[in-house]
1. Which value does Rg/Rh take for the stretch 234-327 over its C-alpha atoms, Rh per Kirkwood?
2. Using a Gaussian network model of the chain with C-alpha springs under 10 Å, which one of 162, 241, 320 is most mobile by mean-square fluctuation?
3. Viscosity 0.692 mPa s, temperature 37 °C: Stokes-Einstein D of the stretch 165-217 from its Kirkwood Cα radius, in µm² per second?
4. For a quick size check, give me the Cα extents of the chain along its three principal axes, largest first, whole Å.
5. Which whole number in µm²/s is D for the stretch 192-287 by Stokes-Einstein, with the Kirkwood Rh taken over Cα pairs at 20 °C and 1.002 mPa s?
6. Counting DSSP beta bridges in the chain, what percent are antiparallel, to the nearest 5?
7. Calculate the translational D of the stretch 158-339 in whole µm² s⁻¹ from Stokes-Einstein, where the hydrodynamic radius comes from the Kirkwood formula applied to all Cα pairs, the temperature is 37 °C and the viscosity 0.692 mPa s.
8. As an exercise, take the mean of 1/r over every pair of distinct alpha carbons in the stretch 21-105, invert it, and state the Kirkwood radius in angstroms.
């Protein structure tokens, strides 16, 4: 893993100093410079050669989102966007992902000192992961949503995906292949709740199937995708006809809440026919649970490490023997649907 050489771009001198101080204290992260606008940043990129940029959305002159588009169109670099999580902020964040941002990080505008320190403390890990991301291997094409497939007849299998950093981008591409009568699907997504809600609303408009936030007692029925992103509750599977999702108040498991290990594990213990896959993300959450699912007879996959934005989670799944195959997103979508199709 290479060190992160960060350029901090923000029009606020206080924010530049704050984020620089936080990042300088992070392991394997070095702030090589700061800039207060796009023009300044352009010069600093040429001179300092950073391998990752933190970029404020709101700047005088050229906005952060406009500068992001310029960066991705000329000499792509991993960019972590910094924005508020207001309604407008989440919409801008989704646009940033579409343009190629590796991650969108919330600016803690109103928080206690403890909350502020906890939130900002995550930035170092995110920036380091961004510096080691597969940005240049990613495809920016957004496939058209599939129409109802007359050839898709569901065989009763359920589907579970987990994703964290880079997940919004990956899920946008993967789920675009889903037909309106898709298999019942649970997506565990580690991201900010406000951003997750905006993403769910966007997918529900774009896809032919229905996309909903996971809630307690939700029934897994054909044609519906349930997205679990509440950081205060775990999501587990309960067998039945149809199967049911349960939301649990419980401490994080190995640092993760909701826990992909717990979700995959409860599906495995229920002994229902299922397909599971770990997509792009940080850390190892999901590998143990996916291995349980494979050992219980489920079909298991990992996103191809060369095309995953962040390969840590898929690598853990492959190294542990949890994933039978690693596949690029289009091939993964095909494999999942084929496993859920009547022979």
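Quick note: the coordinates plus some simple rules give every number you see, no bench work behind them. Values in this document were obtained by computation on a predicted structure and should not be read as measured data. We place every Cβ from the backbone using ideal geometry, glycine too, and count neighbours over all the protein chains shown.
1. Expressed as Rg/Rh, it is 0.98.
2. Sorting by GNM fluctuation, first place goes to 241.
3. My calculation gives 282 µm²/s for D.
4. 59, 40, 36
5. Stokes-Einstein gives a translational diffusion coefficient of 151 µm²/s.
6. About 15 percent, rounded to the nearest 5.
7. The Stokes-Einstein estimate is 211 µm²/s.
8. Taking every pair of different Cα atoms in the stretch 21-105, averaging 1/r and inverting gives 13.2 Å.
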